[in-house]
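Participant: Dropping the structure in here first, questions after.
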Amino acid sequence: MLVTIITFLIILGLLVLVHELGHFFVARRFGVKCDEFGLGFPPRMIGFVKDPERPLGPELEAEGAKRAEGSGVLGFFKQWKIVKRKNKDARGNEKEYKNTIYSLNWIPLGGFVKIKGEQGEEAKDEDSFAHQKLWKRAIILSSGVTMNFIFATLLLSIGFIIGIPQVIDEITPKYASVKDEKIQLLSIQKDSPAKQVGLEVGDIVVSIDNQKFKEIEDVQKYIQEDDDGEIIVTVKRAGEEIEQTVTSEVMEIEGGQSKKAIGVVLAKTGTVSYPFFQAIWQGIITTLYLMKLIVLSFYHLFKDLIVMHKVTIDIAGPVGIAVVTGQVVRLGFIYILQFAALLSINLGIINFFPFPALDGGRVVALGIEAVRRKPNNQRIEAVIHNIGFGVLMVLVVLVTYRDVVRFGGKLMGKIFGYFDDVVS
């Protein structure tokens, strides 16, 4: 349980941090000042800022570089100053520095970037976000989402280099290396004999009636020709072998034919790895494919919500994601990589929804500004974004409540069980 919680926090924190790094790097590239870049969320534990007392100017920058060079490593560290948690001046206002504050914060969930002028203030300053041209602001706002997609591609590419479990078929490239071939349950029909005895999607077929098989066709043929009707299926699940007696039935399959079966779809799978450059390409096309699937899923979600007035797709909140994380952790490192990549793509797509408070909503606001050809009223825009943020928080609470109802019993049992083990 503890490993699941830690893994969940690390994955979520890393994805948020990557997103904020995207905003940070692009803002700096366009000459926009970032007041603070924080690892974790406030309250601040400690912060560092580079030579805050030094006046700005190219000649003084050169002087500072010369001073650092002359002092070696010690000179480099002398350029930095510690910023206290309560960084207030005599009037109680937050002190401002010429350079970015890099802070370490107490809540270990990702990070944040505070960009100068992101709320429309200080528009006259050249290093303010509000002073930049519309296209620059749009790119800065979009850079977090872009970074999430790039990070997902990186994770998947690493996975394809190491080797990712996937279905092996005739379209698997010849240059791919395939190891650990096996037959797995790809899907199980509702109320089928396999479902009734507790077989699950992802189970690895070890043997049937103590006979081992290498090809799916041989498994299907054996079941169809079995006179007894009862077969002993041995599967491997999470490293443990499970034996179940399944009674086959005459079932209708594709094409209108009827054959003896147990109601499962089998797939030949293996660990597939690729050469370096091919792995990168596979990472790119897999990211694009997953983006397409996720966008289509959201389309059907909203369509059913509007037309049928109900949600027909399972939506997972923080608790649901934590539960899935626990399942993924048990499967191993390579599955954690794939799961993190999928979450990164999800985070990117959701963040670009044209909804107030999200990056997509802020880009829409820029579009309105472009059409009107004059700046938006910042007070009104801020109110709209605050309302949007409030709505999002309500949705998070509702989805979390739904998760707790679905998983709460098992989850609380595991939590209390963990603490019982600690106490005993």
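Read-outs throughout are calculated quantities, based only on the coordinates presented, and are distinct from any laboratory measurement. Owing to the predicted nature of the structure, the values given are computational and were not obtained by experimental measurement. Positions of Cβ are generated from backbone atoms using ideal geometry, with glycine treated the same way; all protein chains shown enter the neighbour counts.
Participant: Rounded to the nearest 0.05, what FRET efficiency do L39 and D227 have when you use their Cβ-Cβ distance and R0 = 56 Å? Don't jump to the answer; show the numbers that get you there.
Facilitator: Numbers: r = 66 Å, r/R0 = 1.18.
With R0 = 56 Å, the Cβ-Cβ based efficiency is 0.25.
Participant: So who's got an amide H within less than 5 Å of the one on G117, skipping anything under 5 residues away but keeping other chains? H placed 1.01 Å off N, in plane.
Facilitator: F129
Participant: Check G111: other-chain or 5+ apart residues with amide H under 5 Å from its amide H, H built from backbone geometry?
Facilitator: Excluding prolines and chain starts, which carry no amide H, the hits are L17, G40.
Participant: Go ahead and collect, in residue order, the members of segment 322-340 whose backbone nitrogen is under 14 Å from a label point 7 Å along the Cα-Cβ direction of I162.
Facilitator: Backbone N within reach: 328-340.
Participant: Lys and Arg at +1, Asp and Glu at -1: add these up for the other residues within a Cβ distance under 13 Å of N351 and post the number.
Facilitator: Working: positive: R362; negative: E20, D359.
For residues surrounding N351, the net value is -1.
Participant: How much length, in nm to one decimal, is gained on full extension between L398 and V307, taken as 0.36 nm per residue of separation minus their Cα-Cα distance?
Facilitator: Additional length available on full extension: 30.6 nm.
Participant: Note the per residue figure in Å³ for the convex hull of the C-alpha positions in segment 177-273.
Facilitator: Looking at segment 177-273, the number lands at 105 Å³ per residue.
Participant: Could you work out how much longer the chain between F30 and E241 gets when fully extended? Use 0.36 nm per residue separation minus the Cα distance between them, nm to one decimal.
Facilitator: Values: separation 211, 0.36 × 211 = 75.96 nm, distance 5.75 nm.
Full extension of this stretch gives 70.2 nm more.
Participant: In terms of modelled amide H atoms, which long-range or inter-chain residues lie less than 5 Å from the amide H of M251?
Facilitator: Amide H to amide H, under 5 Å and 5 or more residues apart or across chains, M251 pairs with K259, K260, A261.
Participant: Rounded to whole Hz and in sequence order, give me ³J(HN,Hα) for segment 259-276 from the Karplus expression 6.51 cos²θ - 1.76 cosθ + 1.60, θ = phi - 60°, writing x for Gly and Pro.
Facilitator: Ordered by residue, 3J(HN,Hα) equals 9, 6, 7, 10, x, 10, 10, 9, 9, 8, 10, x, 8, 9, 10, 10, x, 3 Hz.
Participant: Determine the gain in length on full extension of the stretch L2-I107; use 0.36 nm per residue of separation and subtract their C-alpha separation, reporting nm with one decimal. List each step's numbers first, then the result.
Facilitator: Details: separation 105, 0.36 × 105 = 37.80 nm, distance 1.75 nm.
So the extension gain works out to 36.1 nm.
Participant: Does a label point 7 Å from the Cα of K260, set along Cα-to-beta-carbon, have any residues of segment 222-250 with amide nitrogen under 11 Å, and which are they?
Facilitator: 222-231, 248-250
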